[in-house]
Amino acid sequence: MELRHVRYFDAVAETLNFTRAAERLHVTQSTLSHQIRQLEDELGVELFDRSSKKVRMTEAGEILRSHLTPALGQIDRAVQALRGNAETLTGRIRLGTTPSFNTRMVPLCVSTFLHHYPGIQVTVEELSADMIARRLASGHLDLAVSYRPEGTDLWFEPLYNEELRLVVASAHPLAARRRVRMVELHHVRMVLLPSQFLTRKLLDDCFEAAGAEPLVVAQLNSIAPMIELIRQTGLAGIIAETAVTPSADLRVVPLEDPTPIRTPGMLWKKGATRSPTIKHFADIIRRAASPAT
């Protein structure tokens, strides 16, 4: 078993997609498939079930990964030790994110990362998805947590699917509802993200499909002040539940007919070189997102 086999196996195990794993490793899909097959032949077991459209790990693959993941971590730390102690490493990571992820998820990931790499400077920019795509393409960002932008040639790794939900103060007329149909938000006073955000475009499509026209009396480009405005007023908002810290004075209510659903993911510029620290940051994001799947 060679180290490249281990890294190829780990990439496929993380993405469960040969195409995305090949892009991440900068090899062709046929090369990756051949290397995985070589590893399976050497071990005498199948590591991935390819019988359906979605790749799944076999029991043997799960067992192998449970032992190899710590080993890969030790190898990476050994290489870093040769290049200098992690605490003495310097440099920076430039991360772009949309507002929903900058309230809880991104700060958590930055905190975890800085625990491992205290000498690395992390810069986080809260931007619209379109602006994130432009800054990635121009090389002003290294990595982003956002949504798949339209009409760009960026590499996108989906993390999970999430529902957007109605958020209101506990005294709001809709606070006691178990579910709310989108049409019921017709002429409801609301605070939403501005139109340049993909989330707002998604919500506008949902409102149009439901035949509803809410009264958008406030537009804020950041989630935290939106939540505070909802808490202090009779306005309603539509926000990802993962961005809302549970509290007694707020209610989060599912929406239906239609249910607004979006798929967050990580974005890179295709062909860009990713340092070990950026790869580590990406792994932290994957782990932070995994409970939401």
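The values are calculated or read from the model by the stated rules, or taken from the named source; none is laboratory data. Predicted model only: the values in this text are computed from it and were never measured. Neighbour counts are summed over all protein chains in view; Cβ atoms, including those assigned to glycine, are modelled from backbone coordinates with ideal geometry. All accessible areas refer to the heavy atoms of the entire protein, side chains included, with ligands and DNA or RNA removed. Shrake-Rupley method; radii C 1.70, N 1.55, O 1.52, S 1.80 Å.
Every listed requirement among (1) without any contact (Cβ under 8 Å) to a residue 60 or more places away in the chain; (2) assigned to a helix (DSSP H, G or I); (3) within 19 Å of ALA175 (Cβ to Cβ) is met by SER247 save one, (2). So, ARG94, is that one surrounded by 13 or more Cβ atoms within 10 Å (Cβ to Cβ), at pLDDT 85 or above and closer than 25 Å to ASP142 by Cα or not? So ARG94 fits the description; yes. Each residue in the stretch 160-174 was checked for being at pLDDT 90 or above and either closer than 19 Å to THR15 by Cβ or in a strand (DSSP E or B) (or both), and 7 of them qualify. The set of residues from the stretch 272-287 being without any contact (Cβ under 8 Å) to a residue 24 or more places away in the chain and out of contact with any helix residue (DSSP H, G or I) (no Cβ under 9 Å at 6 or more places or on another chain) comprises just one member, THR273. Examine the stretch 145-154 for a residue that is touching a helix residue (DSSP H, G or I) at 6+ places or on another chain (Cβ under 6 Å), closer than 25 Å to THR15 by Cα and open to solvent by 60 Å² or more (accessible area, probe 1.4 Å), and state whether such a residue exists. Checking the stretch 145-154: at least one residue is touching a helix residue (DSSP H, G or I) at 6+ places or on another chain (Cβ under 6 Å), closer than 25 Å to THR15 by Cα and open to solvent by 60 Å² or more (accessible area, probe 1.4 Å). Please verify whether the stretch 176-197 includes one or more residues that are in contact (Cβ under 8 Å) with a residue 24 or more places away in the chain, buried (at least 19 other Cβ atoms within 10 Å of the Cβ) and among the charged types (D, E, K, R). Looking through the stretch 176-197, none of the residues is in contact (Cβ under 8 Å) with a residue 24 or more places away in the chain, buried (at least 19 other Cβ atoms within 10 Å of the Cβ) and among the charged types (D, E, K, R).
Looking across VAL45, VAL55, VAL27, one residue alone is among the aliphatic types (A, V, I, L, M), touching a Leu at 6+ places or on another chain (Cβ under 6 Å) and either open to solvent by less than 60 Å² (accessible area, probe 1.4 Å) or more than 19 Å from ILE278 (Cα to Cα) (or both). It is VAL55. For the stretch 198-218, the candidate set comprises residues that are part of a helix (DSSP H, G or I) and of a type in the set (D, E, K, R); within that set, the residue that is most open to solvent (accessible area, probe 1.4 Å) is GLU208. Considering the stretch 129-161, the residues that are closer than 13 Å to PRO264 by Cα and among the small types (Gly, Ala, Ser) include one that is farthest from the chain's Cα centre (by Cα), namely ALA129. Check the stretch 12-34 and report whether any residue there is modelled with pLDDT of 85 or more and among the acidic types (Asp, Glu). Looking for residues that are modelled with pLDDT of 85 or more and among the acidic types (Asp, Glu), one finds none in the stretch 12-34, hence no.
Taking ALA22 as the residue in question, decide whether it is closer than 19 Å to ILE75 by Cβ and among the hydrophobic types (A, V, I, L, M, F, W, C). No; evaluated as a whole, the condition is false for this residue.
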